[in-house]
Amino acid sequence: MNTKFRLQKHLKKWICLLLLFSLTAMASFAQGDLIKIQGIVSAKDSPVAGVTISIKNGKALGTSDEKGEFKFDVASSTTLVFKYIGFKEKEVVLKEYRPDAKGLYILAVSLEPTKESALDEVVVVGFGTQKKASLVSSIASVNPKELKGPTSNLTTMLAGRIPGMIAYQRSGEPGADNASFFVRGLGSFGSGKTDPLILIDGVESTQTDLARLQPDDIASFSVLKDATAAAVYGARGANGVLLITTKVGSAGKTQFMARAEGKISTNSRSIELTDNITYMNLANEAVLTRGLSKPTPYTQSKIENTIRHTNPYLYPDNDWIDMLIKDYTFNQGFNLSASGGGERARFYVSGTYNVDNGILKKLGTNNFNNNIKLINYSLRSNVDLQLTKSTQASVKLYGQFDDYNGPIGSGADHFRAALWSNPVQFPAVYPKEYMPYIQHPLFGGYVVIDDSAPQGVLLTNPYANLVRGYQQYNRSTLMPQVEIKQNLDFLTKGLNFRMMGYAKRYSYGQTARSYNPFYYTGRLDPSDNSIQLSVINDGST
């Protein structure tokens, strides 16, 4: 029994060793011995970064780095495939190479550019892509790199980059700086729609959606300019169509891209005004030369005291533009993206954060910031899934958020008020020591009485208008999107099926806080040469 037991024990041991040897041999036969390879990819004697390297009919290994170099451990029987846009695909059979003294395989791969003409260039059209040689419509494509500039608003970068497009910008104020543009001119006047149809990843979008789109996220930008766009999009495409697709991931190692920038913004044009002494003399001259019966608005005593700067509160000499408007402002922008994946799943994710400031000065009269500040940040995720050899799914998620803070009214209103307000009738604000028991600011004011307004008209104080309050709004857009593409070549060559659905959630909330200023006028008390203030209004106007 003992001898039999020992024989069985040894027999089991030999069977296990035989099975282990067989499995090792099978694995070695299936994969071959692993070898170490490294090399560099070049084109015209220059290294090429981002070249996709994969095993023929197998998985992707990764991409070449910024120096064009790569390093992998692969089976000795492997055939490598090198792919890069604009260059011919190249295969490298490792069996044709010999290792060096250290057993390392050194590869030098040279890529040849494709000899495609401009007619072979692929552009995005209504449903898919098409070669320029087969186009019968007018389509202009824009390189996304040309859309990068010192602005966080994409619509301001379209002018001059698309033939035939008319584009102009009414205002540079953050939050109200969208440029208007026409692809086919003005097809209608009045309340009719003149703006083109904007499609981002196949979804109809607004000008604000386009404005917040980042050039870093754009893969292609095409414009359908002629009437053939109506054949696909109907009457809505009569004013032209903007077709924009965002980036998707590619198989290989995860690649990161980052951008940080600082931008200085200023007025495109500053209006130079005459000095206040000349202003008063010309106002008097205008009354005298027209033979009007009313007295001149400014006495010679007032003009002389203003020249001598006798008292800045009795004889003010205001420069409203200099008092309320800054020469420049500093803006910031940040973008971070990552892309990669394998043969079955690929991804592209990005995040953007922009800060745009206005050029209104922060005045110390109140404890809040009355300058314009727009913070917008966005998140984008594009995931492509290869479900089967003929079925592809795309899942996209986009989120856009705006946080705005600014004065009551628009920045343009305050700029116009500073430009047109009377600079010599009243000061911006009187010092608190004139009425120390009053808690609110003592804004300067003046009432004009004439035949057209016997009750009197209170002149605008642009300083008081600017600091009397502020407003805030928060705006957000969330949009998930799912798309299915099915290749139907088994039915008819070139036949495809595409289905897309999305949901869009838009949210907007606004808050405004303000008060009605008290306006005062000052006069000189001859008994002690002090300034006495009297209220013009009770704060209700």
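Miscellaneous remarks
- With a requirement of 1 or more residues that are hydrophobic (A, V, I, L, M, F, W, C), exposed (fewer than 15 other Cβ atoms within 10 Å of the Cβ) and under 40 Å from the mean Cα position of the chain (by Cα), the strands (runs of 3 or more DSSP E) lying completely within segment 420-509 that satisfy it span 469-487, 496-502.
- Residues of segment 398-414 satisfying the condition of being surrounded by 20 or more Cβ atoms within 10 Å (Cβ to Cβ) and out of contact with any Lys or Arg (no Cβ under 6 Å at 6 or more places or on another chain): 406, 407, 411, 414
- Take the conditions (1) touching a Leu at 6+ places or on another chain (Cβ under 7 Å); (2) assigned to a helix (DSSP H, G or I); residue 306 misses just one of them, which is (1).
- Listed conditions (1) out of contact with any helix residue (DSSP H, G or I) (no Cβ under 8 Å at 6 or more places or on another chain); (2) at pLDDT below 85 are all met by residue 151, apart from (1).
- Identity of the residue in segment 463-498, at pLDDT 90 or above and β-branched (Val, Ile, Thr), that ends up farthest from residue 369 (Cα to Cα): 484
- Residue 179 at pLDDT 80 or above, within 16 Å of the chain's Cα centre (by Cα), surrounded by fewer than 17 Cβ atoms within 10 Å (Cβ to Cβ) and outside the structural domain of residue 478 (by TED's automatic domain parsing): no
- Residue count for segment 362-387 under the criterion of being assigned to a loop (DSSP other than H, G, I, E, B) and within 16 Å of the chain's Cα centre (by Cα): the result is 0.
- Restricting attention to segment 266-323 and to residues that are hydrophobic (A, V, I, L, M, F, W, C), closer than 30 Å to residue 411 by Cα and in contact (Cβ under 8 Å) with a residue 24 or more places away in the chain, the residue that is surrounded by the fewest Cβ atoms within 10 Å (Cβ to Cβ) turns out to be 271.
- Subset of segment 348-361 (residues that are assigned to a strand (DSSP E or B) and of a type in the set (A, V, I, L, M)): 349, 355, 360
- Qualifying residue in segment 338-347 (condition: buried (at least 19 other Cβ atoms within 10 Å of the Cβ) and assigned to a loop (DSSP other than H, G, I, E, B)): no
The values are calculated or read from the model by the stated rules, or taken from the named source; none is laboratory data. Treat the numbers as computed from the prediction; the structure is a model and nothing was measured. All Cβ positions, even for glycine, are placed from backbone atoms using ideal geometry, and neighbour counts span all protein chains on display.
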